[in-house]
Every structure is written in C-alpha cells, then in structure tokens.
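The values are calculated or read from the model by the stated rules, or taken from the named source; none is laboratory data. Note that this is a predicted model, so its numbers are computed, not measured. FYI the Cβ positions are ideal-geometry reconstructions off the backbone, even for glycines, and counts take in every protein chain you see.
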Amino acid sequence: MPNPHTLEILEYFSYLYKNIVPHPNGNDFKRFNSRILLAAYLEITFPGLPIEVDEMETHIFTSKLSEAWFAYETLLPIIAALGFETKKPEKIKPFGSASTIQEALSLHRNFASPGIPFGKASLFDHTRITDAYLEILMEGTIDAFRESVGDIISKNNSREKIQAYLLHLEDHSLGIQKDLLLTSYNTITSMRHSTTPYDVMSIAYAVRNQYVHAGETSDSGIDDLSIKSALLSACYTFVSQYALIIAAQLIIHETDSIV
C-alpha cells in the first residue's frame, strides 16, 4: 500500500487525469497511468521460499524501483514534445573536478560539478513545476527522501557502505551516467548539500540498468542488505512520487493550453 504522501499526490494526479482523458492528447498519459498504478500498488511475496528478510526486501525494492522508473520513462516523449526538457549544459565539469567517484574521494569531496549532465535521469526541468500545490508536494517528497537517507547514514559505518554501493553502480555504468552518479554521490553521502531530483533519479536509473541488463542480485555491490534495501526503498518512494508530480504538471500545462 502506498504511503500517505504518495496517496496524496496520486489523488491529485487522478483528479487531473480525469480532466484530460476526454481530450485527444489524453492518450499520451494512458500508458503512464497504467504503469504508475502498477508501480504504486505492486506487492511481491515469496510463498514457500526460504529467504532472509533483508534479502527479500532488497529484491522487492529493486523490482519496485524498476517499475517506478518504467512509469517515469513513459513521460519522456511528452516532456520532450512539450519543451519541458532540461537545457543541455555547455560544459559539464570545470578544470580540476573529478571524473569518477574514486577520483572524487582523493579530492576530499571538493568535487561538486556546477553543470547538470543531460540524460534520462535529468531530462525533466524540475523548475518548470509551477502549480502551487505541486510545489508543496515536491518539497515534501524531497524532504522525506533526505530524512530517509539521514536515518540510514546515522547508523554505524553506513555512509561507507552506501559509498561502496554507489562505486559499484558507477563501475557498471557508461558515459553520461557516470557523471550523473558523481553528482549523486556528492549529495547522498554528504548531507550538507541540497538534494535535487536528478540526484535520486540517477541512482534509480543505475539500479534499473543493473537489474535489467547486468543481472543485479540482492547482494550485488554491498554486504549489508539492510542498508541497501533502505536506500532502494527511499529511491522507489521518491521516483513514484516525482513521476506523479511531473505527470500532473504536464497535464496542467496541456489542459491550460486547451482552454
């Protein structure tokens, strides 16, 4: 069952979705509606299978996070068609900044890149969220994620374990995804930095790619499955809520242009 904040966002999206269904461009959102409901209400069990709780939860949230990402992906053509894309940066990294997480470690975390790499995880320009209610919901979504990560990092050696897992994801990523994970690493492992949507989405995309293309298993990249499952749970909740907020804003834009 979705948490209360997800249900609140889902209720607002559903109200807006009903308004756009009768219009010709309502078909663009039908796939998203089906996929996000699947992702939000998906329940996975393993009846009769002897499996540890942490292993079970890690696999569950890996699967649910991937489903949430698939729902978000159905919005990408709409985002591009309506001009809600993030502007491509002229320069991703300044001279002297890190190119990999390993290099970043040697720079003592002084490696933040002012440019936003342009990829699927950062495609939507979140500054285009202009509906007042959606802005409030978005703030709650980011705050909840930061709180979840703060709870994880407060445990002994958890920061180092998350760092190791992000290194694992980066090691199995290619091209622009490495740049996206670099900015995510800076944010997730140092709570002094503000969290932006593409920081979380970058991790989600990397996990999704590992799961779909590289045979990601519960213990891939980390030994402490309680840490991994908690991080993936927080990412899954964020991606589900963020995708709903994006879809709601796109629908508002479409319906306003019709009137």
Worksheet item: Does at least one position in the range 61-82 carry a residue that is surrounded by fewer than 20 Cβ atoms within 10 Å (Cβ to Cβ), at pLDDT below 95 and in a loop (DSSP other than H, G, I, E, B)?
Response: yes
Worksheet, complete the sentence: The residue that is farthest from L182 (Cα to Cα), considering only those in the range 118-157 that are outside any loop (DSSP other than H, G, I, E, B) and β-branched (V, I, T), is I136
Worksheet item: Could you list, in sequence order, the residues of the range 171-210 that are modelled with pLDDT of 85 or more, in a helix (DSSP H, G or I) and surrounded by fewer than 21 Cβ atoms within 10 Å (Cβ to Cβ)?
Response: N209
Worksheet item: Counting only residues that are free of Cβ contacts under 8 Å to residues at least 40 places away in the same chain and farther than 23 Å from M138 by Cβ, which one in the range 1-33 is surrounded by the most Cβ atoms within 10 Å (Cβ to Cβ)?
Response: G26
Worksheet item: Checking S218 against (1) at pLDDT below 90; (2) of a type outside the set (K, R); (3) surrounded by 19 or more Cβ atoms within 10 Å (Cβ to Cβ); (4) in a helix (DSSP H, G or I), which test does it fail?
Response: (4)
Worksheet, complete the sentence: Filtering the range 134-145 down to residues that are out of contact with any helix residue (DSSP H, G or I) (no Cβ under 9 Å at 6 or more places or on another chain) and modelled with pLDDT under 95 yields D143
Fill in: the range 44-89: number of residues that are of a type in the set (K, R) and over 14 Å from the mean Cα position of the chain (by Cα)
2
Practice prompt. Would you mind telling me which numbered condition in (1) part of a helix (DSSP H, G or I); (2) modelled with pLDDT under 95 Y236 fails?
Written response: (2)
